[in-house]
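One structure is given here, and the rest of the page talks about it.
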Amino acid sequence: MKYSLKDIAAIVGGTLAGIDMVVESVFADSRTSVPGGMFAAIVGANHDGHRYIPQLYARGVRAFMVEKDVDMQRYPQAGFVRVEKTIDALQTLAADWRGRFGGTVVGITGSNGKTVIKEWIAASAPAGVKLMRSPKSWNSQLGVPLSVLMIEGDEDIAVIEAGISEPGEMVRLARIIRPDIGIITMLGDAHQENFDSPEQKLAEKMLLFDGAQKVINGVDMDTETTAVEHNRALVDALWKALGYQVEIGDLPPVAMRLELKEGINGSLVVDDTYNSDINSLSIALDYLQSVAGGRPRTLILGDILQSGFDDDELYRRVGDMVLRSGVERIVGIGDHISHHPFPVATEFHPTVEAFLGTMRRDDVAGRAILIKGNRHSRFERLSHALSSRSHTTVLEVDLDAIVHNLNALRFSGARTMAMVKANAYGHGAYEIAATMQHQGVDYLAVAFADEGVALRERGIAMPIVVLNADADSFELMITQSLAPEIYNFESLDAFASALTRYGERDYPVHIKLDTGMHRLGFGESDMERLADELEKHASLLRVGSIFSHLACADDPSRDDFTRTQIATFDRMSSAICSSLSYKPLRHLANSAGAVRFPGARFDMVRLGLGLYGFGSDGLQPVSTLRTRIVQVRDLEQGAGVGYGCEGVVGRPSRVATLSIGYADGLDRHLGCGRWTMMVGGAEVPTLGRISMDTCALDITGTAAAVGDEVVVFGPHATIEAMASTLDTIPYEIMTRIAPRVKRIYVKQ
Ligand SMILES: *Cc1c(COP(=O)(O)O)cnc(C)c1O
C-alpha cells in the first residue's frame, strides 16, 4: 500500500493531527515496527495498543492511527490519524486499497485446510507470476485488512484467507476482500457452537463470494478422497480457473512452524528450512528480532524461488528487510543469491555442504541465527549441524499454546504476573519470559535472584520479582533491577540498608502477607509496625505491590478456607494501603484462584500452572516429550529385558529400545508396563525397568521401526495422567525433565 496520512484520514472519515507523511505499510503488533510504517493502535478486551505509542515513537515510528486522545506535545515529529474505532477504520482503508488493485484476488475460506491450500497455491505458482498471500493465519477482522494492505499493487494474484467464528463477521470481510475467485475448503466443526447448523455456517461462509466470478467449492467434492488429494484438487481447479497450465508436482509438507532451538556454542537458532519466499522471510526476521535479545544476528539464506520478481529486485528487497531487522551478517547459499551484494557483511557458498566444510564454531558462537532455506537444498542438514546436543530426546514447547492459555487467563481490570520460576516449570525460563514480554505481561516472577539475573543477561527488560529473595543476593538484585519479595522485618531492614549503600531511591519492593498458608509473610499482628517501618523508609523504597498466596485454591472441599483467606487478605492489605500516600497493587490469586474466585483477582493475577496448560478447562497442552526408537529386537518367549531381567516376555515379542531414561526425568516407577507411549498412532507399554539412559517398549504387533518417533507424553498420553500414575502433580513431572533434554520451541 501507499498513502499519505491526509488521504487515509479522508478515506476513513478521521482527522489528521500533526505532520502529514507517506506511509507504505501498517502494523498493529508493537513488536514488529517497521520504519516508514503506520502503527494502528487497537483496543481489545485485554489489550490497548495506545500503551505502546511512547516506546514506538522512541524507536522512530512517526505515523499512528488512534482512537483515543494522545498528548501531541510529546510527539512533535509524528502524525496521528484520529478515528472513532481503529479496527473499523483499517477495514475501510483496506477496502479502498482493494478497490485500486488491478490483479486477481482469490479468497479462501472453510474450516480446515485454508492455510495449507494457500501455501500450496504459492508453491505451485508458475514462473513469472507475481503472487502475494496473506501471512500465516491472518484471517480475522484485523488479520484480513492487514493482509490486504500488504498488497503492493503490482502483483498478478493476491490470495487472501478469511476466517469467521460468529455469524455476521463474513459480510465485513467480504466488503474488504471482494474476491474475483473463491475457494471454499472443507467444513469442519470449528466454531460450530456459534452457529445454529452446519448449513447456517456454510451460508455465512458463502457470503464471501457474493460478487465472485467463480467459486471452487470443496464442500461438494468427492468425500472419499484423502485430505491431501482433496487439497491438491482444489489447487488444480484454481489454476485452471485462472487460465494457467500448471503441472502440480510434489507439494511441500506445510511445516510452517518456526522452531527456536538452542544452538552450538551458546547460539540460538531459528529454524525455518521449508519455506522460501519473501513473505515468510519477513515473518521469520521479525521473530528473529524478537528473540535475539542482545545477540548479534546472522541470516543464513538459500535461493528464494518463484518470487515473481527478477533477481536484482528480489535481493534488493531482501537487503532492505535485512537492514531493518538488525541482521549484521548474511551467509548466502545457492547459485542465484551469490550474484547479489547485500548491505551487510556477506559470504556466499554454492551448497550447504560447502558452507559446513568451511564453518568455524566461532562463526556461530553466541549469535542468533535464522536459517531460511528452500526445500531443494538440504537445509535440514544445516539446522541439524547447528543445533546443540545430539541426544535425541526433546521437549517440544508450543509457544502458541502458551499464548492461548495466557489470553484465556487474562481478566479485564487485572494485570498479569507470569511465574517463570524453576526454569518456567521446566519449559525454559528465557523463551517463556521473552514470549511473556512480547505479550505485554506486566510482571515476571522467579524464585531466586540467580534466575532473575540470567533473564536480565539475556535481555529481558520487564519488571521481575524475586520471591525467595535472600539477603545475600540483595546487592546483586539492585544492580540488575530485580525487585524482592519482602516477607519479614529482617529482610525489610537488610534491603533498606542495601538501597542506602547503593544510593537508590524509590526502589520497588513487594510485600508478602501471611493469610493462612503459614510459610512466609507478615502476620496480622505485624500490620501496625509494618506501616511504621514503611513510613520510615518511605524515600528509599516504594511498595510496588502487597500480596499473599492461596493454599487450597484448587480444592473445592476447602473453599471456605479460601474465602477466609480472601477476606483476611482484603482486610490486612487495606490496612497497609491506608497508611501509604499512594496505591500499591494488591494480588492474591494463582491460576486456580483466578479462575475459581473472581473476588480473589484484585489488581493482578499470578499465573503458573494455567499458562502451562494445566488445571482448568479450555487450556491447551503446551509440552510434548518425544524420543526415538534406537533399536528393535525380536525376543523369544521367556526372555528378560533390562536390569533385573524383570521384563520377561510371555510370548514371542518385538521390543524397542529408546534413548530416554530416569536421568532424563522419566520416573523409574513408569517401567514394567505402568506407562504407555504413542508410536505411530499405537499405544505401547513400557517393558522391564527404566534404566538411567534407556528404556524399552513392547511393540509387538505394531509396524514401529528404528528411527520412529515416540511420544512419551503429549496431547494424548497426558502429563496429568502420568502424574496420577505416579501419585504426584504435574509440577513435579515438568520440573524434573532434565536439563540435558533439549527444549525446542515451536510457533505457527
Ligand atoms: C508459584 C506461585 C504461583 C503460581 O501458582 P500456580 O498454581 O502455578 O498458578 C503464584 N504465586 C506464588 C507466590 C507462587 O509462588
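Quick look at the numbers
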item	result
Single match in Ala553, Ala531, Ala600, Ala594 (criterion: aliphatic (A, V, I, L, M) and over 34 Å from the mean Cα position of the chain (by Cα))	Ala531
Some residue of the stretch 716-724 being part of a strand (DSSP E or B) and either farther than 28 Å from Glu262 by Cβ or not polar (S, T, N, Q) (or both)	no
Extreme residue, surrounded by the most Cβ atoms within 10 Å (Cβ to Cβ), among residues of the stretch 387-426 that are more than 16 Å from the ligand (Cβ to nearest atom), hydroxyl-bearing (Ser, Thr, Tyr) and in contact (Cβ under 8 Å) with a residue 24 or more places away in the chain	Thr393
Phe602 vs. criteria more than 11 Å from the ligand (Cβ to nearest atom), more than 30 Å from Met722 (Cβ to Cβ) and in contact with a His (Cβ under 8 Å, 6 or more places away or on another chain)	yes
Filtered residue count, the stretch 557-612, keeping only those that are surrounded by fewer than 13 Cβ atoms within 10 Å (Cβ to Cβ) and touching a Cys at 6+ places or on another chain (Cβ under 7 Å)	1
Matching residues, the stretch 140-160, being in contact with a Ser or Thr (Cβ under 8 Å, 6 or more places away or on another chain), closer than 23 Å to Asp29 by Cα and in a loop (DSSP other than H, G, I, E, B)	Leu149, Met150
Residue match in the stretch 36-57 (condition: β-branched (Val, Ile, Thr), assigned to a loop (DSSP other than H, G, I, E, B) and modelled with pLDDT of 90 or more)	yes
Exclusive hit being surrounded by fewer than 18 Cβ atoms within 10 Å (Cβ to Cβ) and over 25 Å from Met417 (Cα atoms), set Asp470, Asp532	Asp532
Options Ile733, Ile690, Ile737; residue that is within 27 Å of Glu646 (Cα to Cα), assigned to a loop (DSSP other than H, G, I, E, B) and within 27 Å of the chain's Cα centre (by Cα)	Ile737
Extreme residue, nearest to Arg596 (Cα to Cα), among residues of the stretch 508-529 that are away from the ligand (no atom under 13 Å from the Cβ) and surrounded by 21 or more Cβ atoms within 10 Å (Cβ to Cβ)	Phe522
Leading residue by the ranking (modelled with the lowest pLDDT) among those in the stretch 239-250 that are surrounded by fewer than 18 Cβ atoms within 10 Å (Cβ to Cβ) and assigned to a loop (DSSP other than H, G, I, E, B)	Asp250
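Here's the yes/no breakdown for (1) touching a Lys or Arg at 6+ places or on another chain (Cβ under 7 Å); (2) within 18 Å of Ala449 (Cα to Cα):
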site: Pro484; (1), (2): no, yes
site: Asn488; (1), (2): no, yes
site: Met517; (1), (2): no, no
site: Leu520; (1), (2): yes, yes
site: Arg529; (1), (2): no, no
site: Glu533; (1), (2): no, no
site: Ser539; (1), (2): yes, no
site: Val543; (1), (2): no, no
site: Pro556; (1), (2): no, no
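The values are calculated or read from the model by the stated rules, or taken from the named source; none is laboratory data. This structure is a prediction, so every number in the text was calculated from the model and none was measured. Glycine gets a Cβ as well: all are built from the backbone with ideal geometry, and neighbour counts include every protein chain shown.
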